[in-house]
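Engineer: Starting off with a structure, shown below.
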Amino acid sequence: MSVDSQWVPSACTLPTVDQPFRLQEFDELFVESLVGVQWEAATRLRLTLAGGASVAARARDLTARESECCSFFTFTVSGDEERVHVEVRVPPGQVAVLDALAARAAGALA
């Protein structure tokens, strides 16, 4: 497994050895549940996942762990029984990381 340097910025405190596994978790969530990617602003992305409570719980767990090591991310998970929305915000200095996340997500839709 290779780690995308745009996706994993130097500000990330997750141990290097664990980074490919975290990327894999995001990839699996995207492949299994992602149904939409929408830019809300240059620093804000909305990901829409198919699924209910279990998908929301999975997204909350993953984004909480990601926020611990990459504190510049702000994730908000909301939704209902059919759709889960994950809003991702970053400060202007981290737009390249958000772009990389969006590209990774869009790749899963393709």
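Engineer: Do you know which residues across the range 51-110 are small (Gly, Ala, Ser), in contact with a strand residue (DSSP E or B) (Cβ under 6 Å, 6 or more places away or on another chain), assigned to a helix (DSSP H, G or I) and crowded, with 16+ Cβ neighbours inside 10 Å?
Structural biologist: Listed by number, the residues that qualify are ALA56, ALA59, ALA102, ALA105, ALA108.
Engineer: Related question: Might you let me know whether the range 28-39 holds any residue that is at pLDDT 90 or above, under 11 Å from the mean Cα position of the chain (by Cα) and exposed (fewer than 12 other Cβ atoms within 10 Å of the Cβ)?
Structural biologist: For the range 28-39, residues at pLDDT 90 or above, under 11 Å from the mean Cα position of the chain (by Cα) and exposed (fewer than 12 other Cβ atoms within 10 Å of the Cβ): absent.
Engineer: Just to be sure I understand, how many residues within the range 4-27 are modelled with pLDDT under 80 and in contact with a Phe, Trp or Tyr (Cβ under 7 Å, 6 or more places away or on another chain)?
Structural biologist: 1
Engineer: I'm trying to understand the selection: among the residues of the range 84-98, which are at pLDDT 95 or above and closer than 23 Å to GLU32 by Cβ?
Structural biologist: VAL84, HIS85, VAL86, GLU87, VAL88
Engineer: Residues that are under 19 Å from VAL95 (Cα atoms) and free of Cβ contacts under 8 Å to residues at least 12 places away in the same chain: does the range 23-37 have at least one?
Structural biologist: Within the range 23-37, the first condition is being under 19 Å from VAL95 (Cα atoms), and the residues that meet it are 23, 26, 37.
Filter once more, keeping what is free of Cβ contacts under 8 Å to residues at least 12 places away in the same chain: none.
Checking the range 23-37: not a single residue is under 19 Å from VAL95 (Cα atoms) and free of Cβ contacts under 8 Å to residues at least 12 places away in the same chain.
The values are calculated or read from the model by the stated rules, or taken from the named source; none is laboratory data. Fair warning: this is a prediction, and the values are worked out from it, not measured in the lab. Neighbour counts run over all protein chains shown; Cβ positions are idealised from the backbone, glycine included.
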